[in-house]
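Asks: Can you keep this structure in mind? I'll have questions shortly.
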Amino acid sequence: MLTREGFRAEFPALRERAWLDTAACAPAAAGVVRALRSALDAWLAGEFRWSDWDLAPAATKSAVARLLGVGEERIAVMGSVAEAAATVAKSLPPGRIVVPAQEFRSNLFPWRQLHGGDHEVVLVPARDGRTRTEDVVAALDERTVLLAVSEVLSLNGHRADLVALRRATDEVGARLFVDVTQSLGVLRLHMGEVRPDYLAVHGYKWMLCPRGAAWLVTSPGRAEELAPLLPSWRSTPTPYGYFGGSLRPAEGAARCDTSPAWLAWVGALPALDLLLRLDAEQVERHCTDLAAHFCAQAADLGAEVLTEAGESHIAVVRVADPDAVAARLARDAVRATLLGDRLRVGFHHFNDDGDVRRAVNALRSG
């Protein structure tokens, strides 16, 4: 296993900065950049083989399968969460689709565009700034064909009770679609308890990949329900053909594979390898503890904490003077996100107590 110190050393940006902005985008790991540079150098010199690059997407399926404890045949490669959601949306039977009103748009708009005709889209409003589990459950009925939700919402750090939502969807016979873009790589997902029918994740945040590497994971039997959103030569069985013929979808989730942007996948492989060298339980405990410590110290300074302490690795507080906070963050080389009067920080395994102190200092007046 890789130690936390060894993991932190993989990120050169951390020598100068406290990076608390992984909820927006992760800093580059040295091994990821080496893989990309090697590919770019080979491309520049004309020494590359595209067929070698094209092996990377399938190889990432093996790594993601290990992270989740599922079979590779259940995984499709995608370019984004929106593409994954739209793939599922295209294949849904008639009925109601339930989604929180404040969901991230990549997990909202693909469902909303179905409204009308055979589908009714039900938006669950937030209360006191967050979506309540009981409100989502109350919106489900026997007409519901799918519930779509993020495990963690970067707007406020709220972590959904996926086990309770799975139980509720089972009771009405609905499918469960979960976006884990803001959690996988830090928080453990108990697949045996949640059993999502569909799971989507874009890897450029907590999974440390280049943007453009995303996955759609299906439960057993659900892949056969899906039709490819963007059918191409990649949607067919191997060995691939290129010209003419009729569409014969590949077995399993590979039927929904999309034509990959090679360099994103070349970089994704070393990123996933890095995650697989960590102890998942230690990662989750370390990151949620850091977030809880930040929340406690921010509250001591009088800041309004909008995230329940210990709920997730993302914390959000309301600040009275955003411009002053922004100046102090820049002064202390802290990367975080200010959303109006809200400061959002997120903790990965490479963060430490010193990063918490630097972020808290930005909240101190004077």
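Asks: In Å², what does the accessible area per residue of the range 248-303 work out to with a 1.4 Å probe? Don't jump to the answer; show the numbers that get you there.
Replies: Values: 2310 Å² over 56 residues.
Per residue, the range 248-303 has 41 Å² of solvent-accessible surface.
Asks: So, with +1 on the Cβ of K and R and -1 on the Cβ of D and E, and no other charges, what is the size of the charge dipole of the chain about its Cα centre, to the nearest 20 debye? Don't jump to the answer; show the numbers that get you there.
Replies: Working: 41 positive and 46 negative charges, 126 e Å.
Roughly 600 debye, rounded to the nearest 20.
Asks: Quick check: at a probe of 1.4 Å, how many percent of the accessible area of the range 7-153 sits on carbon and sulfur atoms?
Replies: It is 51 percent, rounded to a whole number.
Asks: What helices in the chain pass both tests, a Cα length along the helix axis of 20 Å or more and a mean Kyte hydropathy of 0.5 or higher, using whole DSSP H runs? Provide the component values of the computation, followed by the final result.
Replies: On the way: long enough: 30-45 (22 Å, 0.89); 262-276 (22 Å, 1.67); 280-300 (30 Å, -0.29).
Flagged H segments are 30-45, 262-276.
Asks: Right, next: With the full set of protein chains in place, find how many percent of the accessible area of the range 229-329 is carbon and sulfur; take the probe as 1.4 Å. Numbers along the way, then the final one.
Replies: On the way: 2520 of 4790 Å².
Solvent-exposed carbon and sulfur of the range 229-329 make up 52 percent of the total.
Asks: Here's a follow-up. Given a 1.4 Å probe and the protein chains all in place, what does the accessible area of V137 round to, in Å² to the nearest 10?
Replies: Here the accessible area works out near 60 Å².
Asks: Between P27, L263, S38, whose Cα lies farthest towards the positive end of the dipole of the chain when Lys and Arg beta carbons carry +1 and Asp and Glu beta carbons carry -1, centred on the Cα centre?
Replies: Highest projection toward the positive end goes to S38.
Asks: Next question, about the same structure. At R49 and D279, where each label point lies 7 Å from the Cα along Cα→Cβ, what is the point-to-point distance in nanometres?
Replies: The two pseudo-label positions are separated by 4.1 nm.
Asks: Here's another thing I want to ask about it. Is the shape of the range 93-171 rounded, prolate or oblate, going by the alpha carbon gyration tensor and its root eigenvalues a ≥ b ≥ c, with a/c under 1.5 for rounded and a/b larger than b/c for prolate? The partial results should precede the final answer.
Replies: Values: a/c = 1.96, a/b = 1.29, b/c = 1.52.
Taking the square roots of the gyration eigenvalues as a ≥ b ≥ c, the range 93-171 is oblate.
Asks: With all protein chains present, calculate the accessible area of D279 using a 1.4 Å probe and round the result to the nearest 10 Å².
Replies: Result for D279: roughly 50 Å² accessible.
Asks: Using a 1.4 angstrom probe on the protein heavy atoms only, line up F177, F243 by accessible area, largest first.
Replies: Final ranking, largest accessible area leading: F243, F177.
Asks: Between A30 and H115, what is the spin-label point distance in nm, taking each point 7 Å from the Cα along the Cα→C-beta axis?
Replies: Distance between the two pseudo-spin positions: 5.1 nm.
Asks: Continuing with the same structure: Between A299 and R318, what is the label-to-label distance in nm when each label sits 7 Å out along the Cα-to-Cβ direction?
Replies: 1.6
Asks: With springs connecting C-alpha atoms under 10 Å apart, model the chain as a Gaussian network and identify which of V77, V124, V178 has the largest mean-square fluctuation.
Replies: V124
Asks: Just flag the GluC sites (Glu not before Pro) in the range 80-183 sitting in loop per DSSP whose Cβ has no more than 10 other Cβ atoms within 10 Å.
Replies: The qualifying sites are E142.
Asks: If you don't mind, another one. DSSP beta bridges in the chain, what fraction antiparallel, as a percent rounded to 5? Before the final figure, lay out each step's value.
Replies: Numbers: 22 of 42 bridges.
Among the beta bridges of the chain, antiparallel pairing accounts for roughly 50 percent.
Asks: For the range 1-139, what is the accessible area per residue in Å² when the probe is 1.4 Å? Intermediate results must be reported in sequence, preceding the final value.
Replies: Details: 6930 Å² over 139 residues.
About 50 Å² of surface per residue is accessible.
Asks: Something else about it: Kindly sort R344, R285, R357 by accessible area of their heavy atoms, largest first, with the probe set to 1.4 Å. Before the final figure, lay out the partial values.
Replies: On the way: R344 20, R285 115, R357 140 Å².
Per-residue accessible area, sorted high to low, gives R357, R285, R344.
Asks: Can you give the relative contact order of the chain as a percent, counting alpha carbon pairs under 8 Å and 6+ residues apart?
Replies: Values: 720 pairs, mean separation 84.2, N = 366.
Relative contact order, the chain: 23 percent.
Asks: Sticking with this structure for a sec: Take H190, H202 and sort them by solvent-accessible surface of the protein heavy atoms, 1.4 Å probe, largest at the top.
Replies: Working: H190 90, H202 10 Å².
Greatest to least solvent exposure: H190, H202.
The values are calculated or read from the model by the stated rules, or taken from the named source; none is laboratory data. Quick caveat: nothing in here was measured; it's all calculated off a predicted structure. Counting neighbours? That spans all protein chains shown, and the Cβs are built from the backbone with ideal geometry, glycine included. The area values use the complete protein model at the heavy-atom level, side chains included, leaving out ligands, DNA and RNA. Shrake-Rupley method; radii C 1.70, N 1.55, O 1.52, S 1.80 Å.
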